[in-house]
Amino acid sequence: MIEVVVGALVYSNLLAMLSVGLNLILLTCKVSNFAHGDFVMVGVYTALTVSTILGVTPYACLPFALIAGGVISFALYRVVFEPLRTRANLVMLMVVSMALDIILRYSLHIYADLAQAWLKVHTRLFLFDDFLIEFSGVKIPGVLVFSSLTSVILLVSLYLLLFKTRLGTAMRASIENPELAEALGVNVKMVFGLSWFLSGALAAAAGVFLPFRAMVSPDTGWSMLLPTFASVIVGGVGSLSGSLIGAYTIGVAEVFLTYVLASLGVSTAYRPLVSFSAIITVLLVSPKGLSGFLNGKGWKPWKS
């Protein structure tokens, strides 16, 4: 049971970073970014490459993954989404993001083949080696400690950026009313670009920890999309704090349901049922998600 609890917490930590990053994209360009899962794999392969070359633990490669994910996400925004932002509708932007997902995913397949020949390591269906950290006689997997610390540090830093700096004020103004913000002298393109950089960086950071708990391949990012979207919808689109609530709700529910199904002899292939059911139920009961429901009771979510 302890292993199940650890798995649920680690998985929820990753979903928290992913869902907050995806919500940033939804807030800026109002597009469902289907390429978001590929930034996870950018983080995975960056950590694999750097750790192999330098001979260090993948945990030490987190800064490289953050930069790689952020730069690629920013490049996609400037090259593709910024020119289309005022010329394409939401459906077109969603289709474009699907096309970019395919391009990025197969680019990762190509990189995996090249890296396997170059680095002489397995680049498909592999795991990272973890170690145990002892606290008061209790041994805890390193991935639980480092993923928890990373998610807290990154998300608190994002909060401080958004609400305690002038740049954060400009970001929130640009999200609320881009035209008015631009008229007041705010560089909206730069602000939106920064949002995309942060989104990609958060996703890539989550990717560093994923191979410590699950076998990964270039297609694994696609499988992370459903629970990420479920976390955003359950928490509430447009509410960053709601994304955190949704992430831990979906993460814990998925892992524990899988454990129950396995103990009953039922295939764990039904695991995505949790995310699908959560999306449908929330949309039927409270289309604005849990943050909208709680807001009606006087709770103030962390919104942009």
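The values are calculated or read from the model by the stated rules, or taken from the named source; none is laboratory data. A quick note: this is a predicted structure, and the numbers were derived from the prediction, not measured. FYI the Cβ positions are ideal-geometry reconstructions off the backbone, even for glycines, and counts take in every protein chain you see.
Pick out the one residue from Val260, Val232, Val282, Val274 that is at pLDDT 90 or above, part of a helix (DSSP H, G or I) and β-branched (Val, Ile, Thr).
Val232
When the residues of region 137-151 are narrowed to those that are in a helix (DSSP H, G or I) and of a type in the set (Val, Ile, Thr), which ends up surrounded by the most Cβ atoms within 10 Å (Cβ to Cβ)? Give the steps one after another, and end with the answer.
Here is the first cut: in region 137-151, the ones in a helix (DSSP H, G or I) are 142-151.
Cutting the leftovers down to of a type in the set (Val, Ile, Thr) gives us 143, 145, 150.
Values: Val143: 26, Val145: 15, Thr150: 21.
In this case the residue turns out to be Val143.
Go through region 114-128 and count every residue that is in a loop (DSSP other than H, G, I, E, B) and touching a residue at least 40 places away in the same chain (Cβ under 8 Å).
Matching residues across region 114-128 total 6.
Right, Leu125: over 18 Å from Gly21 (Cβ atoms) and surrounded by 15 or more Cβ atoms within 10 Å (Cβ to Cβ) or not?
When the stated conditions are applied, Leu125 does not pass them.
Select from region 169-193 the residues that are in contact (Cβ under 8 Å) with a residue 40 or more places away in the chain and surrounded by fewer than 18 Cβ atoms within 10 Å (Cβ to Cβ) and write down the one among them that is farthest from Ile67 (Cα to Cα).
Taking the candidates together, the pick is Glu176.
Filter region 24-59 down to the residues that are of a type in the set (A, V, I, L, M) and surrounded by fewer than 24 Cβ atoms within 10 Å (Cβ to Cβ) and list them by number.
Once the filter is applied, which keeps residues that are of a type in the set (A, V, I, L, M) and surrounded by fewer than 24 Cβ atoms within 10 Å (Cβ to Cβ), region 24-59 yields Leu26, Leu27, Val31, Val50, Ile53, Leu54, Val56.
Within the group Leu210, Leu283, which residue is in contact (Cβ under 8 Å) with a residue 12 or more places away in the chain, hydrophobic (A, V, I, L, M, F, W, C) and in contact with a Leu (Cβ under 9 Å, 6 or more places away or on another chain)?
Leu210
Restricting the first residue to region 247-266 and requiring it to be over 16 Å from Val232 (Cβ atoms), which pairs with a second residue that is of a type in the set (A, V, I, L, M, F, W, C) meet a Cβ separation below 6 Å and a spacing of at least six or different chains?
Note: pairs meeting the criteria are Val252/Ala8; Val255/Ala8; Leu257/Val274; Tyr259/Val4.
Go through region 133-147 and give me each residue that's small (Gly, Ala, Ser) and touching a helix residue (DSSP H, G or I) at 6+ places or on another chain (Cβ under 6 Å). Reasoning before the result, please.
Filtering region 133-147 down to residues small (Gly, Ala, Ser) leaves 136-137, 142, 147.
Of everything in region 133-147, just one residue is small (Gly, Ala, Ser) and touching a helix residue (DSSP H, G or I) at 6+ places or on another chain (Cβ under 6 Å), namely Ser147.
Test Val208 against the criterion of being at pLDDT 95 or above, of a type outside the set (Lys, Arg), closer than 25 Å to Leu62 by Cβ and part of a helix (DSSP H, G or I), and give yes or no. Let's see the steps before the verdict.
Details: at pLDDT 95 or above: yes; of a type outside the set (Lys, Arg): yes; closer than 25 Å to Leu62 by Cβ: yes; part of a helix (DSSP H, G or I): yes.
Against the criterion (at pLDDT 95 or above, of a type outside the set (Lys, Arg), closer than 25 Å to Leu62 by Cβ and part of a helix (DSSP H, G or I)), Val208 qualifies.
Just name the residue that is nearest to Ala35 (Cα to Cα) out of those in region 104-120 that are among the aliphatic types (A, V, I, L, M) and surrounded by 13 or more Cβ atoms within 10 Å (Cβ to Cβ).
Within region 104-120, the match that is nearest to Ala35 (Cα to Cα) is Leu104.
In the set Ala68, Ala88, which member is closer than 21 Å to Leu24 by Cβ and within 17 Å of the chain's Cα centre (by Cα)?
None of the others qualify; the one that does is Ala68.
If you check Val5, Val31, Val79, which single one turns out to be closer than 19 Å to Asp130 by Cα, over 13 Å from the mean Cα position of the chain (by Cα) and aliphatic (A, V, I, L, M)?
Val5 is the lone residue from the list that is closer than 19 Å to Asp130 by Cα, over 13 Å from the mean Cα position of the chain (by Cα) and aliphatic (A, V, I, L, M).
Of all residues in region 234-264, how many are in contact with a Gly (Cβ under 6 Å, 6 or more places away or on another chain) and hydrophobic (A, V, I, L, M, F, W, C)?
Total meeting the criteria: 3.
List the number of the failed condition for Gly21; all other conditions in (1) surrounded by fewer than 24 Cβ atoms within 10 Å (Cβ to Cβ); (2) under 11 Å from the mean Cα position of the chain (by Cα) hold.
Failing condition for Gly21: (1).
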